[in-house]
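*Asks:* Take a look at the following structure, please.
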Amino acid sequence: MTPREWQLIAVVIENCWKGEWDDARSASYFILLEPFDAADVERALHLLVRGGSPFIPAVAEIVTAIESGRRVAAPTWHEALGHIRRVLPRHTRDHAAGITAFERIDPLLASFVATYGWRRLALEPVDDPDHGGAVLRRLEHAYDAHVARQLERERHGLALEMVERRRLAGPRRLDVAALLPSLPERAA
């Protein structure tokens with residue numbers, strides 16, 4: 001957050017809540033809230049207004065509201081599944097463009113698709129009449145665990161995981177040389 005963005009936010013805090021607000025308090029708040037985006041701080045203030053407290057929120061309350069606002073922003077499994085069903089078929093050959101499309105929707109969703117594996121996700125039998133429900137539940141658990149892990153990483157200041165999975169199964173190139181018996185060395 002820039003000092004100019006903070007000045008606007010400080011005016012809002014000063015005029016919307018009861019309590020003492022001076023330049024020293026404003027500077028102290030800025031030092032602690034500077035690492036956050038201005039949009040996140042504004043969203044947190046909106047959440048705090050809805051909370052109903054008439055007094056100036058503490059920095060800890062604002063940070064807690066920022067983190068809870070981020071958790072709310074993560075797509076639910078049903079929203080994520082809708083996006084996956086829509087985007088995966090459109091980008092069957094160009095996975096990089098598909099990941100970019102997911103990033104435009106939500107970086108957390110893009111991280112899940114990249115980490116789980118594009119091809120693996122595309123081949124899951126979610127529409128199977130016998131086992132589709134179980135597959136969807138397994139995917140939902142995987143998604144929820146991924147979201148929780150990524151939010152924990154974010155809380156510690158780490159970036160989202162974007163792991164490209166390698167092919168786990170299938171035919172591999174045969175090493176013919178390994179099949180040949182070793183020859184005894186000749187004496188010269």
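*Asks:* With the requirement that a residue be open to solvent by 60 Å² or more (accessible area, probe 1.4 Å) and modelled with pLDDT of 85 or more, what does the range 80-99 give you?
*Replies:* Correct list: R85, R86.
*Asks:* Could you list, in sequence order, the residues of the range 45-98 that are within 30 Å of M1 (Cβ to Cβ) and of a type in the set (D, E, K, R)?
*Replies:* Step one: of the range 45-98, the residues within 30 Å of M1 (Cβ to Cβ) are 45-76, 79-80, 83.
Once the filter is applied, which keeps residues that are within 30 Å of M1 (Cβ to Cβ) and of a type in the set (D, E, K, R), the range 45-98 yields R50, E61, E67, R70, R71, E79.
*Asks:* While we're here: So, in the range 66-78, exactly how many residues are surrounded by 11 or more Cβ atoms within 10 Å (Cβ to Cβ) and either modelled with pLDDT of 85 or more or in contact with an Asp or Glu (Cβ under 6 Å, 6 or more places away or on another chain) (or both)?
*Replies:* To start, the set of residues in the range 66-78 that are surrounded by 11 or more Cβ atoms within 10 Å (Cβ to Cβ) comprises 66-71, 73-77.
If we keep only those that are either modelled with pLDDT of 85 or more or in contact with an Asp or Glu (Cβ under 6 Å, 6 or more places away or on another chain) (or both) as well, we get 66, 75, 77.
Total satisfying the criteria: 3.
*Asks:* How many of the residues making up the range 54-63 are out of contact with any Phe, Trp or Tyr (no Cβ under 7 Å at 6 or more places or on another chain), open to solvent by 60 Å² or more (accessible area, probe 1.4 Å) and touching a residue at least 12 places away in the same chain (Cβ under 8 Å)?
*Replies:* Total satisfying the criteria: 1.
*Asks:* Which of the residues spanning the range 9-20 are part of a helix (DSSP H, G or I) and loosely packed, with under 11 Cβ neighbours inside 10 Å? Spell out how you get there, then give the answer.
*Replies:* Pass one, the range 9-20, residues part of a helix (DSSP H, G or I): 9-16.
Selection gives N15 alone.
*Asks:* Being at pLDDT 65 or above and exposed (fewer than 10 other Cβ atoms within 10 Å of the Cβ) narrows it down to one residue among L139, L174; which is it?
*Replies:* Result of the check over L139, L174: L174.
*Asks:* Output yes when any residue across the range 21-39 is open to solvent by 60 Å² or more (accessible area, probe 1.4 Å), under 25 Å from R155 (Cβ atoms), assigned to a helix (DSSP H, G or I) and not small (G, A, S), and no when none is.
*Replies:* Taking the range 21-39 as the starting set, the residues that turn out to be open to solvent by 60 Å² or more (accessible area, probe 1.4 Å) are 22-25, 28, 31-32, 34-35, 37.
Narrowing the set further to residues that are under 25 Å from R155 (Cβ atoms) leaves 28, 31-32, 34-35, 37.
Adding the requirement that they be assigned to a helix (DSSP H, G or I) leaves 28, 31-32.
Filter once more, keeping what is not small (G, A, S): 31-32.
So far as the range 21-39 goes, yes, one or more of its residues are open to solvent by 60 Å² or more (accessible area, probe 1.4 Å), under 25 Å from R155 (Cβ atoms), assigned to a helix (DSSP H, G or I) and not small (G, A, S).
*Asks:* With respect to R120, is the statement that it is open to solvent by 40 Å² or more (accessible area, probe 1.4 Å), within 20 Å of the chain's Cα centre (by Cα) and at pLDDT 70 or above true?
*Replies:* Judged against the criteria, R120 is a match.
The values are calculated or read from the model by the stated rules, or taken from the named source; none is laboratory data. What you see is a predicted model; the values in this text were computed from it and never measured. Cβ: placed from backbone, ideal geometry, glycine included. Neighbour counts: every protein chain shown. What goes into the accessible areas is simple: the full protein's heavy atoms, side chains included, and nothing from ligands, DNA or RNA. Shrake-Rupley method; radii C 1.70, N 1.55, O 1.52, S 1.80 Å.
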